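Participant: Before I ask anything, let me first share the structure, which is written out below as structure tokens.
The values are calculated or read from the model by the stated rules, or taken from the named source; none is laboratory data. Predicted model, so just to flag it, every value in this text is computed and none were measured. Cβ: placed from backbone, ideal geometry, glycine included. Neighbour counts: every protein chain shown. All accessible areas refer to the heavy atoms of the entire protein, side chains included, with ligands and DNA or RNA removed. Shrake-Rupley method; radii C 1.70, N 1.55, O 1.52, S 1.80 Å.
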Amino acid sequence: MTNSQSPITEIDFDDFIAVVPSTDAAKQQEPRPESRVEARYGVAGKAGWSPVPDVLLFNQHKLKITGDDLIVLLNLMAHYYVKDEMPFIRPTTIAKRMGVSQRKVQRSIARLRKKGLILKGKHKENGQIIHDLTPLIDQLQPFGEERIATRMAWQSQRSSTG
């Protein structure tokens, strides 16, 4: 096995054998550069963060989402890690985080379903209830397109007057 394939390299100095990380393993141990989130939020950002499309926050009123419903939705979104693998999180977990009753979270989830923002499904492997965010993501697309067009028009106007 060559050094590039092995995670460690042995160095023999007569009777002394030292095991040191290879370059690949050493790169993994090097501190990674601070992310933009960590730079802004410090340790709180380093502890973890979730991407939230700005258009969700900026168009909450157009989507007719109440504050409590938005917090429940953000909790669901915090567990959406991989495209097409929808989150499964218990209402009791969300309720504990929010400091509200499980029933309040269940009603919020029901409202989000009724508004067509999320769908109920079952996890393929473990059968747990999942919360399909595809309808929400689909409904956010026109808001994203509008925001991009507005930003591009603003930039174009700014560069032509500047």
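Participant: What is the sum of charges around K114, taking Lys and Arg as +1, Asp and Glu as -1, for the other residues whose C-beta is under 15 Å from the C-beta of K114?
Facilitator: Values: positive: K64, R107, R111, R113, K115, K120; negative: D68, D69, D132.
Neighbourhood net charge equals +3.
Participant: Hey, another quick one. Over segment 26-162, what relative contact order in percent results from Cα pairs under 8 Å that are six or more residues apart?
Facilitator: Across segment 26-162, relative contact order equals 17 percent.
Participant: Given a 1.4 Å probe, how much area per residue of segment 19-162 is accessible, in Å²? Kindly include the intermediate steps, with their values, before the conclusion.
Facilitator: Numbers: 10230 Å² over 144 residues.
That works out to 71 Å² per residue.
Participant: Next up: Using 28 Å as the Cα-Cα cut-off, could you pick out the over-long pairs in K83/K120; K64/K124; K64/K120; K62/K124; K46/K83; K83/K114?
Facilitator: K64/K124; K62/K124
Participant: In addition: On each of the three principal axes of the Cα atoms of segment 41-120, give max minus min coordinate, whole Å, ordered largest first.
Facilitator: Here the Cα extents, ordered largest to smallest, are 37, 27, 25 Å.
Participant: Probe radius 1.4 Å, ligands and nucleic acids ignored: give me the carbon and sulfur share of the accessible area of segment 68-108 as a rounded percent.
Facilitator: About 50 percent, which is the carbon plus sulfur part of the accessible surface.
Participant: Let me ask something else. At most 14 other Cβ atoms within 10 Å and a DSSP loop assignment: could you name the chymotrypsin sites (Phe, Trp or Tyr not before Pro) in segment 76-160 that fit?
Facilitator: Of the chymotrypsin sites (Phe, Trp or Tyr not before Pro), the ones in loops of segment 76-160 whose Cβ has at most 14 other Cβ atoms within 10 Å are Y81.
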